1. Might you check whether a residue that is more than 28 Å from residue 119 (Cβ to Cβ) and aliphatic (A, V, I, L, M) occurs anywhere in the range 177-195?
2. Quickly run through the range 92-130 and pick out the residues that are farther than 19 Å from residue 209 by Cα, among the hydrophobic types (A, V, I, L, M, F, W, C), out of contact with any helix residue (DSSP H, G or I) (no Cβ under 7 Å at 6 or more places or on another chain) and surrounded by 20 or more Cβ atoms within 10 Å (Cβ to Cβ).
3. Only strands (runs of 3 or more DSSP E) wholly contained in the range 91-168 count here; list those with 1 or more residues that are touching a residue at least 40 places away in the same chain (Cβ under 8 Å) and over 20 Å from residue 203 (Cα atoms).
4. Please work out which residue is surrounded by the fewest Cβ atoms within 10 Å (Cβ to Cβ), limiting yourself to the range 169-196 and to residues that are touching a residue at least 12 places away in the same chain (Cβ under 8 Å) and not in a strand (DSSP E or B).
5. Specify which of the listed residues (201, 225) is hydrophobic (A, V, I, L, M, F, W, C), modelled with pLDDT under 90 and out of contact with any Pro (no Cβ under 6 Å at 6 or more places or on another chain).
6. Could you list all residues from the range 216-226 that are surrounded by 19 or more Cβ atoms within 10 Å (Cβ to Cβ) and under 16 Å from residue 168 (Cβ atoms)?
7. Restricting to the range 117-162, name every residue that is of a type in the set (Ser, Thr, Tyr) and over 21 Å from the mean Cα position of the chain (by Cα).
Amino acid sequence: MNELERRLHELGGEIAWPATPAFDLSFEPRRPAWTPRLRPLALGFAIVLAALAGVLALSPGARSAFLEIFHLKGATVELTETLPEVEVQPVIDFGERVSRAEAERRVGFRLFDLGEPDAVFVRGTRIATLVYGPVGKPRLTLTQLRGGVWDGFVKKAGGLGTTVEQVTVDGEQGLFVTGDQHFVMYRDETGNITDELTYLAGTVLLWNRGDLLLRLEGDLTRTEALALARDVE
């Protein structure tokens with residue numbers, strides 16, 4: 001017997017093997033044999049939860065993601081913090097960069113928002129845009145003007161590489177826009193139909209908020225866009 005065989009033989013004698021179980025072939029009801037195993041499983045789950053709680057307490061980023069996944073908190077902060085960058089259109093013209101107070105003075109209405117924007121722009125005297133993220137490569141934009149959703153956009157976009165889906169936001173009419181060609185059509189404050197390119201090469205949600213038309217753009221799914229729209233205030 002060589003050294004390896006000898007060591008293995010000694011080890012075999014040291015191992016405490018469990019007793020051979022007795023098999024009961026009767027058909028009388030009895031307590032399931034696996035019941036005691038629930039205790040280690042529950043204990044392991046509790047340990048995992050305790051470790052997870054420690055991570056969430058120490059890491060704001062992990063806590064934010066956890067709350068978002070389980071819908072334990074409003075979507076505003078979590079979504080806007082984690083949104084991916086969005087490719088901008090070849091020509092991006094937000095207008096003139098101004099303060100929020102100046103923007104509201106020019107357009108004549110209070111601006112809705114999704115938290116403090118990184119920049120505020122005004123085009124002319126009627127369109128205001130809040131930019132979230134770097135101005136040259138935003139993650140999200142929220143544009144506002146006096147106007148409304150135009151139902152004809154659904155038919156007009158057909159065959160042009162753009163898909164328009166009718167949705168509702170807090171009971172108000174809205175349109176969710178996806179596709180290769182990125183443009184929107186809406187009714188302005190004078191009742192005329194206006195069409196223009198979007199700012200970002202992502203998805204667009206148009207919806208009415210009273211006499212205002214709001215336009216949300218970003219790399220968003222339909223569910224994410226609607227969740228953000230409901231958080232606009």
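1. Among the residues of the range 177-195, at least one is more than 28 Å from residue 119 (Cβ to Cβ) and aliphatic (A, V, I, L, M), which makes the answer yes.
2. 94, 121 - these are the residues of the range 92-130 that are farther than 19 Å from residue 209 by Cα, among the hydrophobic types (A, V, I, L, M, F, W, C), out of contact with any helix residue (DSSP H, G or I) (no Cβ under 7 Å at 6 or more places or on another chain) and surrounded by 20 or more Cβ atoms within 10 Å (Cβ to Cβ).
3. Counting at least 1 such residues, we get 140-149.
4. Applying the filter and picking the extreme gives 180.
5. None of the other options fit; the residue is 201.
6. The first filter runs over the range 216-226 and keeps only residues surrounded by 19 or more Cβ atoms within 10 Å (Cβ to Cβ), leaving 216-218, 220, 225-226.
Passing the criteria: 216, 225, 226.
7. 125, 162
The values are calculated or read from the model by the stated rules, or taken from the named source; none is laboratory data. Note that the coordinates shown come from a computational prediction; the quantities given were computed from them, not determined experimentally. A quick note on method: Cβ atoms are made from the backbone with ideal geometry, for glycine too, and the neighbour counts reach across all protein chains shown.
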